[in-house]
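Student: Structure provided below as structure tokens; questions to follow.
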Amino acid sequence: MQIIRPAPLTRAAFAPFGDVIDTDGADAFPINAGMTTRFHDLATVDVAAGAGRPAIAIFRSTPVSLPFDIALMERHPLASQAFFPLAPRPWLVVVADDEAGRPGTPLAFLATGAQGVNYGRNVWHHPLLALESVTDFLIVDRGGADNLEEFSLEAPVRIEG
Ligand SMILES: NC(=O)N[C@@H](O)C(=O)O
Ligand code: NI
């Protein structure tokens, strides 16, 4: 079985797949008479295709533990999808390049509890993977249906710590 290990989530490493939502390294400036800092333009919400509209949700996710076997990947042909943890605990991000309409070898990233991601439109990823305990995530994606393509891997890929 193919084994992969999570790498730290950085903007540079994740750039081919979307945005990292993180105050570190962000364009930040004071607002509200200096009472608040705006960390600006952290991700691009891309949901307009097919007359889509933005939607905000909360996912309450049951954790997995490592080692964890990846058996499927998915993508959203019409929209981006953003996740931000509402509790300060790490979680897993799994993405893959597209290879002629199917996912390539998955890549795993370990996100901190202060990092979110925004998967670009039509980017292969694994459904949400919380760690340690049940965790709520704020989601920004596309309202409406018919925006999901799933792919079952011929052989599972194991994520090890
Ligand atoms: N089903 C659903 O909205 N969730 C997935 O798209 C996911 O990436 O977790
Ligand atoms: Ni998704």
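The values are calculated or read from the model by the stated rules, or taken from the named source; none is laboratory data. Keep in mind that this is a model prediction, so the values were computed, not measured. Please note: Cβ atoms are built from the backbone with ideal geometry, for glycine as well, and neighbour counts cover all protein chains shown. Surface accessibility is based on the protein's heavy atoms, side chains included, excluding ligands, DNA and RNA. Shrake-Rupley method; radii C 1.70, N 1.55, O 1.52, S 1.80 Å.
Student: Only residues that are closer than 24 Å to Ser133 by Cα and of a type in the set (D, E, K, R): list them for region 70-113, please.
Tutor: Listed by number, the residues that qualify are Glu74, Arg89.
Student: With over 16 Å from Gly120 (Cβ atoms), more than 15 Å from ligand 2 (Cβ to nearest atom) and open to solvent by 30 Å² or more (accessible area, probe 1.4 Å) as the only criterion, which of Pro90, Pro85 stands out?
Tutor: Numbers: Pro85 fails: open to solvent by 30 Å² or more (accessible area, probe 1.4 Å).
Exactly one residue qualifies, and that residue is Pro90.
Student: Okay, moving on. Consider Thr105 against the criteria (1) assigned to a loop (DSSP other than H, G, I, E, B); (2) among the β-branched types (Val, Ile, Thr); (3) within 27 Å of Gly144 (Cα to Cα): it satisfies all of them except one. Which criterion is unmet?
Tutor: The single condition Thr105 does not satisfy is (3).
Student: Is region 88-98 home to any residue that is within 19 Å of Ala55 (Cβ to Cβ), in contact (Cβ under 8 Å) with a residue 24 or more places away in the chain and assigned to a strand (DSSP E or B)?
Tutor: No; the residues of region 88-98 include none that is within 19 Å of Ala55 (Cβ to Cβ), in contact (Cβ under 8 Å) with a residue 24 or more places away in the chain and assigned to a strand (DSSP E or B).
Student: Condition first: more than 18 Å from Arg5 (Cβ to Cβ), open to solvent by less than 40 Å² (accessible area, probe 1.4 Å) and either away from ligand 1 (no atom under 12 Å from the Cβ) or not aromatic (Phe, Trp, Tyr) (or both). Now tell me which residues in region 118-132 satisfy that.
Tutor: Scanning region 118-132 gives Asn118, Gly120, Val123, Leu128, Ala130.
Student: Hey, another quick one. Output the number of residues of region 62-87 satisfying the condition of being within 28 Å of Ala48 (Cβ to Cβ), of a type in the set (A, V, I, L, M, F, W, C) and out of contact with any helix residue (DSSP H, G or I) (no Cβ under 7 Å at 6 or more places or on another chain). Full working, then the answer.
Tutor: Keep residues of region 62-87 that are within 28 Å of Ala48 (Cβ to Cβ), which gives 72-86.
Imposing the further condition that a residue be of a type in the set (A, V, I, L, M, F, W, C) reduces the set to 72-73, 78-79, 82-84, 86.
Then drop every residue that is not out of contact with any helix residue (DSSP H, G or I) (no Cβ under 7 Å at 6 or more places or on another chain), which leaves 72-73, 82-84, 86.
The total comes to 6.
Student: Being away from ligand 2 (no atom under 14 Å from the Cβ) and open to solvent by 60 Å² or more (accessible area, probe 1.4 Å) narrows it down to one of Ala100, Ala145, so name that one. Before the answer, list the steps.
Tutor: Values: Ala145 fails: away from ligand 2 (no atom under 14 Å from the Cβ).
On inspection, the qualifying residue turns out to be Ala100.
Student: With region 2-79 as the region, which strands (runs of 3 or more DSSP E) entirely inside it contain at least 3 residues that are open to solvent by 90 Å² or more (accessible area, probe 1.4 Å)?
Tutor: Fully inside region 2-79 and qualifying: 53-61.
Student: Looking at region 40-69 only, could you name the residues that are within 13 Å of ligand 1 (Cβ to nearest atom) and within 20 Å of Ile159 (Cβ to Cβ)?
Tutor: Selection gives Phe59, Ser61, Thr62, Val64.
Student: If I filter region 114-125 for residues that are under 21 Å from Pro67 (Cβ atoms) and away from ligand 2 (no atom under 16 Å from the Cβ), do I get at least one hit?
Tutor: no
Student: Take the residues in region 148-158 that are more than 25 Å from Ala51 (Cα to Cα) and open to solvent by 80 Å² or more (accessible area, probe 1.4 Å); name whichever of them is nearest to ligand 2 (Cβ to nearest atom).
Tutor: Within region 148-158, the match that is nearest to ligand 2 (Cβ to nearest atom) is Ser152.
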